[in-house]
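Reviewing the structure listed below.
The values are calculated or read from the model by the stated rules, or taken from the named source; none is laboratory data. Here the structure is a predicted model, which means the values were calculated and not measured. When we count neighbours, we look across all protein chains shown, and the Cβ atoms used for this are built from the backbone with ideal geometry, even at glycine. Surface accessibility is based on the protein's heavy atoms, side chains included, excluding ligands, DNA and RNA. Shrake-Rupley method; radii C 1.70, N 1.55, O 1.52, S 1.80 Å.
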Amino acid sequence: MSKGRLYIVSTPIGNLEDITLRALDILRKVDYIACEDTERSLKLLNYYEIKKPLISYWSEKEKVRAEEIIQKIKSGHNVALITDAGTPGISDPGAVVISRAIEEDIEIIPIPGPTALIAALSISGLNTEEFTFIGFLPVKQTQRRKKLLELSSERRTLVFYEAPHRILQSLDDMLEVLGDRRICVARELTKMFEEVQRGRLSEVLERLEKSKIAGEYVIVIEGALEKDRSIEEALKEVRELMKKGKGRKEAVKIVSELYGLSKKELYEESLKKDEI
């Protein structure tokens, strides 16, 4: 008996009518649909009157259910893998199932569709020629700031996802670590209460602090300017000299002259980074 196929089907991120005709065709033809959450997926499937056996593979069950899905495909059944919204495996469950399918030499077919990061990027007004998708930042502030520090000299546009209960803290950390860059914050994309905020990070943060916080957020922020990158590189040099026994003031004096930067600014930035 020949193996079935695994279809990676992108589903709407909000508006149910954003699904592609091809995605609907696949969902109607497969033998099983593997869902992150059957209750949420049923809203979409019922809307289009699609009735298929469902397999739930939400995070805690993914490893166990992955084996069940693989066995069904090896038995000749076709399976569509979907998530609550967007594309399986992209900041969502699904990677375990996909990896197992690759190990078993199962044919995997992508059915592309809506994605929040591209939707937000397209309306951000920021550089879209090159960008870096980070997804969700670490939950703990220390680790979150450390990650942001690693990204502080990245010149490409940065794209993040964030949950409502962490959006203000994350933006506050971004302002502290990355500086007052241009930003676009989009929430509830394609849904009834879709909202987009653009401006400097400090301005957007101030507006959000006074508004209702709800829904999933996408943050698009401009990459580092040439000056920002020079400061980051200079700070690395300062840290290296301090590791070799130089005092902070002496290290800053040497590096500021080398990079043509203000000693006062470099010294203050050095103290700030060490506090993170």
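If DNA, RNA and ligands are ignored and the probe is 1.4 Å, what is the ranking of Glu203, Glu265 by accessible area, most exposed first?
Largest accessible area first, the residues go Glu203, Glu265.
Of [x] 73, 41, 31; [y] 53, 41, 39; [z] 44, 42, 41, which one was derived for Cα extents along the principal axes in Å from the structure shown?
So the calculated entry is the one marked [x].
Going through the stretch 145-244, which trypsin sites (Lys or Arg not before Pro) have at most 13 other Cβ atoms within 10 Å and a DSSP loop state?
Here the sparse-neighbourhood loop sites are Lys210, Lys212, Lys244.
Can you give the accessible area of Tyr259, probe radius 1.4 Å, in Å² rounded to 10?
Only protein atoms counted, so the area is about 70 Å².
What shape does the stretch 235-276 have by the C-alpha gyration tensor, where a ≥ b ≥ c are the square roots of the eigenvalues, rounded means a/c under 1.5, and otherwise prolate means a/b greater than b/c and oblate the rest?
On the way: a/c = 1.78, a/b = 1.06, b/c = 1.68.
Oblate, because a/c is 1.5 or more while a/b does not exceed b/c.
Divide by every residue of the chain the summed helix terms, -39500 (n - 2.57) for each DSSP H run of at least 4, and state the resulting mean residue ellipticity at 222 nm, rounded to the nearest 500 deg cm²/dmol.
Details: 11 runs with 123 residues, N = 276.
Calculated mean residue ellipticity at 222 nm is -13500 deg cm²/dmol.
Label the stretch 77-127 by shape, choosing from rounded, prolate and oblate, from the square roots a ≥ b ≥ c of the eigenvalues of the Cα gyration tensor; if a/c is under 1.5 it is rounded, and otherwise prolate applies when a/b is larger than b/c, oblate when it is not. Kindly include the intermediate steps, with their values, before the conclusion.
Numbers: a/c = 2.80, a/b = 2.62, b/c = 1.07.
The shape class here is prolate.
In debye, nearest 20, what is the charge dipole magnitude of the stretch 99-144 about its Cα centre with +1 on Lys and Arg Cβ and -1 on Asp and Glu Cβ, if you could check? Intermediate values should be presented prior to the final figure.
Working: 3 positive and 6 negative charges, 98 e Å.
The calculation lands at about 480 debye.
Using the alpha-carbon centroid of each, what span in Å lies between the stretch 149-181 and the stretch 38-81?
Going from one Cα centre to the other spans 35 Å.
Run down the aspartates and glutamates and flag those whose C-alpha is under 18 Å from the C-alpha of Lys29, throwing out any fewer than 8 positions away in its chain.
Glu49, Glu107
Between rounded, prolate and oblate, where does the stretch 141-276 land on the alpha carbon gyration tensor, with a ≥ b ≥ c its root eigenvalues, rounded for a/c under 1.5, else prolate if a/b exceeds b/c? Before the final figure, lay out each step's value.
On the way: a/c = 2.96, a/b = 2.52, b/c = 1.18.
Verdict is prolate for the stretch 141-276.
Strictly over 28 Å apart at the Cα level, which of Lys63/Lys212; Lys72/Lys140; Lys244/Lys273; Lys43/Lys212; Lys51/Lys72; Lys246/Lys272 would you flag in this model?
On the way: Lys63/Lys212 37 Å; Lys72/Lys140 40 Å; Lys244/Lys273 18 Å; Lys43/Lys212 26 Å; Lys51/Lys72 18 Å; Lys246/Lys272 18 Å.
Violating the 28 Å Cα-Cα cut-off are Lys63/Lys212; Lys72/Lys140.
Taking only C-alpha pairs under 8 Å that are 6+ residues apart, what is the relative contact order of the stretch 114-241 in percent?
Working: 204 pairs, mean separation 40.9, N = 128.
Relative contact order, the stretch 114-241: 32 percent.
Could you work out how far apart the two model spin labels at Phe136 and Ile254 are, taking each label as a point 7 Å from the Cα in the direction of the beta carbon, and quote it in nm?
The modelled label-to-label distance comes out at 4.4 nm.
Per residue, how much space in cubic angstrom lies within the convex hull of the C-alpha atoms of the stretch 1-84?
Values: hull volume 6.8 nm³, N = 84.
Dividing the Cα hull volume of the stretch 1-84 by its residue count gives 81 Å³.
Pull up the DSSP beta bridges for the stretch 83-202 and report the antiparallel fraction as a percent, rounded to 5.
Details: 6 of 11 bridges.
Around 55 percent antiparallel, to the nearest 5.
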